[in-house]
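First comes the structure, then the notes that go with it.
The values are calculated or read from the model by the stated rules, or taken from the named source; none is laboratory data. Because the structure is a prediction, the values reported are computed rather than measured. All Cβ positions, even for glycine, are placed from backbone atoms using ideal geometry, and neighbour counts span all protein chains on display.
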Amino acid sequence: MVNWSYRRMTMQHHKTERLKRILPANVVDQWDQSIVAAEKDNADNTISILDFIGSDWLGEGVTSKRIAAALRSVGDETDIVVNINSPGGEVEEGLAIFQLLKQHKGHVEVRILSMAASIASVIALAGDTVKMSKYGVLMVHDAWWGMFGNSRDLREAADHLDKVSERISQVYADKTGRPTQEMRALMQAGGSVLDGTYLTAEEALELGFIDGLLGADSVTTAPEKPTNLNPRKAIQQALQASGKTRSEAIALINEISGTRDAATPEGMRDAAETEAAAQAAATLQLALANFKLSLQK
């Protein structure tokens, strides 16, 4: 029998490692992905941002395109609730989501269920009212990214990051009514990309980042469930996208995993093969993570 708990844990580990390439590692480590809104709060006018901001080639993440579609679905003048539990992600994508929510004609209530860090903290402030779990955290820091290039490239990148940080500090200042200099001081606290400022719900309320606290019954932990991700198929699609034929992709996957052709019908596997397939899946999860890392180099 496939051990879904093990597979889920393995996949979450790989996702965590992927996120550490675009986000401060300490933010990712503190993010509890299992925190979601209580069932009673999941109405038709609810939009959930419960992942990193942006997207990867596995289709994970929250993008401005998805938020725009969700807003069209609920209607331009409908009052909405936006649930957030996110470690942040791509800055420009986050700013685009912020603009979409700010332009929505209906009332926007943002609920920070657990974490709103980095660019997710900016998205949270798009709400007409912002509420936060008393156990949640709001994290602000200067814009950053990993980069490479010559000295001119790095100087241009540094100038761009300064401008992005100024835009973000203005969002914070507009919400709190405090000077942008004070907001930049919070963002730059500690002097390292791993620092910034972590605000508790009480601190965020006192500074004016949020307008109130959520009741204890507003959040819950998501139940564990099987994943639909097929690691063989994900690698195969990525290999074919990089120029390999279908047969070449399947042959390479079989070489990595030591398993037979991926086209073998599921119904033809006996109990012993099912257990072997579970072990092969774990191997493929690692291969999948390594393959994505190689594409990003």
Practice task
Pick out the one residue from 121, 133 that is modelled with pLDDT of 95 or more, within 22 Å of residue 20 (Cα to Cα) and in contact with a Leu (Cβ under 9 Å, 6 or more places away or on another chain).
Solution key: 121
Practice task
Select, from 173, 185, 158, 143, the only residue that is small (Gly, Ala, Ser) and either under 15 Å from residue 205 (Cα atoms) or touching an Asp or Glu at 6+ places or on another chain (Cβ under 7 Å) (or both).
Solution key: 173
Fill in the blank from the handout: residue 152 fails exactly one of (1) assigned to a helix (DSSP H, G or I); (2) closer than 26 Å to residue 45 by Cα, namely (2)
Problem - Subset of the stretch 172-189 [aliphatic (A, V, I, L, M) and either in a loop (DSSP other than H, G, I, E, B) or in contact (Cβ under 8 Å) with a residue 12 or more places away in the chain (or both)] - result: 183, 186, 187, 189
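Rundown of residues vs (1) buried (at least 17 other Cβ atoms within 10 Å of the Cβ); (2) in a helix (DSSP H, G or I); (3) among the β-branched types (Val, Ile, Thr); (4) on the phi > 0 side of the Ramachandran plot, yes/no style:
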residue: 66; (1), (2), (3), (4): no, yes, no, no
residue: 76; (1), (2), (3), (4): no, no, no, no
residue: 84; (1), (2), (3), (4): yes, no, yes, no
residue: 95; (1), (2), (3), (4): yes, yes, no, no
residue: 101; (1), (2), (3), (4): yes, yes, no, no
residue: 116; (1), (2), (3), (4): yes, no, no, no
residue: 127; (1), (2), (3), (4): yes, no, no, no
residue: 130; (1), (2), (3), (4): yes, no, yes, no
residue: 135; (1), (2), (3), (4): no, no, no, no
Fill in the blank from the handout: Here the qualifying pairs (Cβ atoms under 9 Å; residues six or more apart or on different chains; first in the stretch 53-68 and of a type in the set (D, E, K, R); second modelled with pLDDT under 95 and assigned to a loop (DSSP other than H, G, I, E, B)) come out as 60/51; 60/52; 65/55; 66/55
Exercise for the section: Return a yes/no flag: does the stretch 106-119 have any residue that is in the same structural domain as residue 70 (by TED's automatic domain parsing) and farther than 20 Å from residue 63 by Cα. Expected result: yes
